[in-house]
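Okay, so here's the structure we're looking at.
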Amino acid sequence: MTSVPVTSAARDTAAIRTENLCRHYRMGDTLIRAVDGVSIEIPRGEFVALLGSSGSGKSSVLNLIAGLDHPTSGTVVVQDRDLSKLSREELAKYRLRVVGMVFQSFNLIASMTLAENVELPLRFAEVERSRRDALAREALERVGLQARTHHRPTELSGGEQQRAALARALINRPQLLLADEPTGNLDSHTGTEIMDLVREFNEQLGMTVLMVTHERALAERYAQRLIFLADGKLVDDRANVPDALASAHEGRL
Amino acid sequence: MKLPDLTELALRNLRESLLRNSLTTVGISVGVASLVAMLSLGIGLQQLASRRLVKSGLFDTVIVTSRRELRGMGREEERNGPTPGESRVLDEPARQQIEHLPNVLEAYPDIRFVTELRYDEKPHLTTVSALPASAQSNDAFESMQGKFFSSDTAAEVILQKSFAEELLGKTPPLGAPDPDVADLAKPLLGKELLMRYAQRLTTPSRPTPLQPSDSPSGDSLSSMGYSVVSREQVLTIVGVSDLDPESMRGPTRAKVFLPLKLAQSLHVMQPTDLREISRAASDQPVYSSISVRVKNPAQVQTVEDAVKKMGFTTFSILDATRSLRQFFAVLDLFLGIFGSLALAVASIGIVNTLVMAILERRREIGIMKAIGASDGDVKRLFFAEAGAMGVLGGVVGVGLGWTIGRVINFGTNIYLQRQSLPAEHFWAVPWWLVGGAIIFAVVVSLVSGLYPAGRAARLDPVQALRYE
């Protein structure tokens, strides 16, 4: 596996660090400041929720961290890599190996079975077929979909599709999970199931999780830290004791 | 992405929009089919023409004449080299030397003379020429009435159709249909002809002591001489040929043919004999021209060059076929262009299909990029799809073109048979055309895929994922 170049020799404890991050769009004559001077530092292994109303710029921040979009100004450093210094090819490799993504609309490819969807990143990573099959099976087992490997996404419920998407995000063993409204299209019960899985990845695999959501209750229940955005600006950044964790502690006490 | 994965994904994507991609592939097939059909027709016609010409014995024959014949005056090769007076005599040693040149099958003298033939007590004047045994395979004698000479020395004769008409007094008026050769042959086969000819009889040398040794012209040449005697030879008519085997010779072509060995043994007085009497150093026969048969028409040029180096003048139909080949090259070019036009139209179909696929698969491209596909991966995927359509279209197209050619050939042969003409194979699909057409289809498809693939690769993933 070829690795993405690491910019600073001194390893940083931060998984994600943005400095004065800006993303401005021009729409006709008006300039839209989707992200306007956001500086965040997220340590490795933290579970962070990015909160805000729609249009607050939270998804734009996520896309910039995912390397899908380029900032107008400012820097994004993820796991010691300055994304602005990576070529398009290197950014693709970064998305392939460092980042796992889940979306509100699941974004599975409709023409492929679950197993094929899950192993797709491995195809881009040029992993051997036999190893690919084993890894895909393992990932689907982890999210409890071992019986559904040959189904197409349209034959599954929303919760099952999101689980498959999680399996796909997991398959390349990324250090960073970026989730954009992962429960937005799910009922609250299924949403909880998905969030439990995300927390499991965070706790058991040590993945740093950055989740965009507008559901404050959900964020408070799972995230260790809440970052609030409004009109592209960071308005609040505070630590949070996840409810689930709290209730677990309560149960033990 | 590795090639097998790429191919698998491309084929899967093609299956997803089966109808549209099939129609596009059919478009390519039709393009390739028209290209193959057109070119195979051109190639087939060319092969047919070559085959006919080779069979006619014209293509592989070089006619060698001495420069002393003064025939080729003014031709490029005559301007340099020895003058006719100084050049070699085309005699038996020269013939043997030519026959031993590489790629030469045989070199036989052209024995050709105008003489009188009596049939049914009436005299007829015509040109007689001698044929080697190998002429049996010539087209003109393959389909003739009767049979070829029983041996190379037999006192037998084959007539050309027009002479047979003359013998029977059945020469049709201009514009009237020709009588059937079978009807002409029936009363003539097995009948006898009386040929009168002038024989050259070499006289023995006068004893040298009679010549003064200090005579200014006192060399051995002066002692040579011959007399001319009128002779008769009875010949049996064994065949009547419909075709004209000597069409290349123009006005000097013969209408009556004798076996070569027989003709040589007759020592018929040749027009050159009179001129060469002043020069021939021996009693070796001197020929006015020699026909050289070459193993393969492709080697005619080399043999011609070798003979020219020996100091003789040559003529071959190759000089004439050069323009024929040029004609076929132009014909193939035009047929190829027309065939390619259909493929060009098909390539627009590929562009359209793939651009449509980008619009349809915007989201899919966005997803692939989000999970780590590089621009190159996306580009190669679209490229592979274009290439796969090209390969499929090419293979199906070659099959289709082959079938079309077959059907045209079959249909034409039915027509030819109705016109009581022999069936012909005028259509050919050589292997290079099969391979070339498929490669051409793939190349055209890949070129057509360039723009869509580039566009897909440049697609902004954020934009592509934003909308449902």
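The values are calculated or read from the model by the stated rules, or taken from the named source; none is laboratory data. Remember, predicted model here, so these are calculated numbers, not experimental data. Using ideal geometry, Cβ is built from the backbone for each residue, glycine included, and neighbour counts are taken over all protein chains shown.
Conditions (1) at pLDDT below 65; (2) in a loop (DSSP other than H, G, I, E, B); (3) touching a strand residue (DSSP E or B) at 6+ places or on another chain (Cβ under 6 Å); (4) not aliphatic (A, V, I, L, M), marked per residue:
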| residue | (1), (2), (3), (4) |
| --- | --- |
| B:SER213 | yes, yes, no, yes |
| B:GLY218 | yes, yes, no, yes |
| B:LEU221 | yes, no, no, no |
| B:SER227 | no, no, yes, yes |
| B:ARG293 | no, no, yes, yes |
Exercise. What is the one condition in (1) under 20 Å from B:GLU192 (Cβ atoms); (2) touching a Phe, Trp or Tyr at 6+ places or on another chain (Cβ under 6 Å) that B:GLN136 does not satisfy?
Worked result: (1)
Exercise. Looking only at residues in region A:64-91 that are free of Cβ contacts under 8 Å to residues at least 24 places away in the same chain and in a helix (DSSP H, G or I), which one is surrounded by the most Cβ atoms within 10 Å (Cβ to Cβ)?
Worked result: A:LEU83
Exercise. Can you pull out the residues in region B:7-33 that are free of Cβ contacts under 8 Å to residues at least 24 places away in the same chain and within 13 Å of another protein chain (Cβ to nearest Cβ)?
Worked result: B:GLU8, B:ARG12, B:ARG15, B:GLU16, B:LEU18
Seminar exercise, completed: For region A:122-157 the number of residues that are among the small types (Gly, Ala, Ser) and within 14 Å of chain B (Cβ to nearest Cβ) is 4
Problem set entry | Residue satisfying all of: in region B:410-468; within 14 Å of chain A (Cβ to nearest Cβ) and in a loop (DSSP other than H, G, I, E, B); modelled with the lowest pLDDT among these | B:GLU468
Exercise. Do we have B:LYS308 as within 14 Å of chain A (Cβ to nearest Cβ), in contact (Cβ under 8 Å) with a residue 12 or more places away in the chain and surrounded by 14 or more Cβ atoms within 10 Å (Cβ to Cβ) here?
Worked result: no
For this session: May I ask you to list the residues in region A:92-111 that are facing chain B (nearest Cβ under 7 Å), over 18 Å from A:LEU210 (Cβ atoms) and in a loop (DSSP other than H, G, I, E, B)?
Result: A:SER105, A:ILE109, A:SER111
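One line per residue, one yes/no per condition, for (1) within 14 Å of chain A (Cβ to nearest Cβ); (2) within 35 Å of the chain's Cα centre (by Cα):
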site: B:LEU341; (1), (2): no, yes
site: B:GLU360; (1), (2): yes, no
site: B:MET389; (1), (2): no, no
site: B:VAL395; (1), (2): no, yes
For this session: Considering (1) within 14 Å of chain B (Cβ to nearest Cβ); (2) among the hydrophobic types (A, V, I, L, M, F, W, C); (3) surrounded by 23 or more Cβ atoms within 10 Å (Cβ to Cβ), say which one A:LEU114 fails and leave the rest.
Result: (1)
For this session: Would you please list the contacts, defined by Cβ atoms under 7 Å and residues six or more apart or on different chains, that run from a residue in region B:165-187 that is free of Cβ contacts under 8 Å to residues at least 60 places away in the same chain to a residue that is polar (S, T, N, Q) and surrounded by 13 or more Cβ atoms within 10 Å (Cβ to Cβ)?
Result: B:GLU165/B:THR171; B:ALA182/B:GLN145; B:ALA185/B:GLN145
For this session: Could you tell me which of the residues B:SER151, B:SER134 is at pLDDT 85 or above and either more than 19 Å from B:VAL268 (Cα to Cα) or assigned to a loop (DSSP other than H, G, I, E, B) (or both)?
Result: B:SER151
For this session: State yes or no: is B:GLY394 crowded, with 19+ Cβ neighbours inside 10 Å, in a helix (DSSP H, G or I) and in the same structural domain as B:ARG12 (by TED's automatic domain parsing)?
Result: yes
Problem set entry | Number of positions in region A:79-94 that are at pLDDT below 90 and aliphatic (A, V, I, L, M) | 0
Exercise. Applying the selection to region A:16-63, what residues are within 14 Å of another protein chain (Cβ to nearest Cβ), buried (at least 21 other Cβ atoms within 10 Å of the Cβ) and assigned to a loop (DSSP other than H, G, I, E, B)?
Worked result: A:GLY57
